[in-house]
Amino acid sequence: MILRIFGKNRSNKQIVQRQYGVITATARQPCFFTDYGVPDTVMGRFEMLSVVMILFLGRTSKSSESGKQMAQEVVDAFFMDIDYSIRELGVGDNSVPKRMKKLAGMFYGRLERYMRCLQDRDLEQLAIALAHNIHSDDGETTEMAELARWMLENADHLEQTDEIVVETGMVSFLVPESMETGRV
């Protein structure tokens, strides 16, 4: 017990860093921006990172307490990364909290809508939601149909992921076929 208390933060930090690294590597795959209709912009990258985080959170919502705790730490790392990125873009310190609040609201709105579509297995509504969020208008839903299919395939894949994989920060994602490797 004492070893768990003293070793917890260090091992959790490594697990969280490893898992967040996989999430960001997946979200940054060029094919999302070249083949799947996601604009290669700051907001397009936020959208893809949100998509992968939502898939991860969908799986961890069914996890044990340690899996859920690790997931919360990954979410914290996600928002710290966003905060850092905003500051790197030159946004003043006084404006960062307002922007963070707005981005957090956007993320949690997407989480709710995308998860509902994934649970209902409603690819059409998921594509509509993706088009609306990624293109900020009534974007072409057929362009987002492939991304919606990819999300559903990953949700199914993650559903089969063993709990020990979640707890150790080793969750992987299926990658689009246009990529060379099978998993990230």
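The values are calculated or read from the model by the stated rules, or taken from the named source; none is laboratory data. From a predicted model like this one, the values you see are computed outputs, not experimental measurements. Cβ coordinates were reconstructed from backbone atoms using ideal geometry, including for glycine residues, and neighbour counts include every protein chain displayed. All accessible areas refer to the heavy atoms of the entire protein, side chains included, with ligands and DNA or RNA removed. Shrake-Rupley method; radii C 1.70, N 1.55, O 1.52, S 1.80 Å.
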Check your understanding: Among the aspartates and glutamates, which fall within straight-line cross-link reach of K101, defined as a Cα-Cα distance under 17 Å, with same-chain neighbours fewer than 8 residues apart omitted?
Key -> E47, D76, D81, D83, D93, E112
Check your understanding: Using the Kirkwood radius built from alpha carbon pairs, what does the Stokes-Einstein equation give as D for region 41-132 at 25 °C and 0.890 mPa s, in µm² per second?
Key -> 172 µm²/s
Exercise for review: Could you point to the residue in L55, V42, Q29 farthest towards the positive end of region 26-75's charge dipole, with +1 and -1 charges on the Cβ of Lys/Arg and Asp/Glu respectively?
Suggested key: L55
**Study point:** Net charge of neighbours whose Cβ lies under 15 Å from the Cβ of V166, counting Lys and Arg as +1 and Asp and Glu as -1
**Key:** -2
Point to revise | Accessible-area composition of the chain, carbon plus sulfur, in percent [1.4 Å probe] | key: 52 percent
Check your understanding: Calculated from the structure, percent of Cα pairs over 29 Å apart equals which of [x] 17; [y] 42; [z] 22?
Key -> [z]
Exercise for review: Grab the Cα-Cα distance for A25 and S136, subtract it from 0.36 nm times how many residues apart they are, and report the gain in nm with one decimal.
Suggested key: 37.5 nm
Revision key, fill the gap. Heavy-atom accessible area per residue of the chain, all protein chains kept, 1.4 Å probe, expressed in Å², is 57 Å²
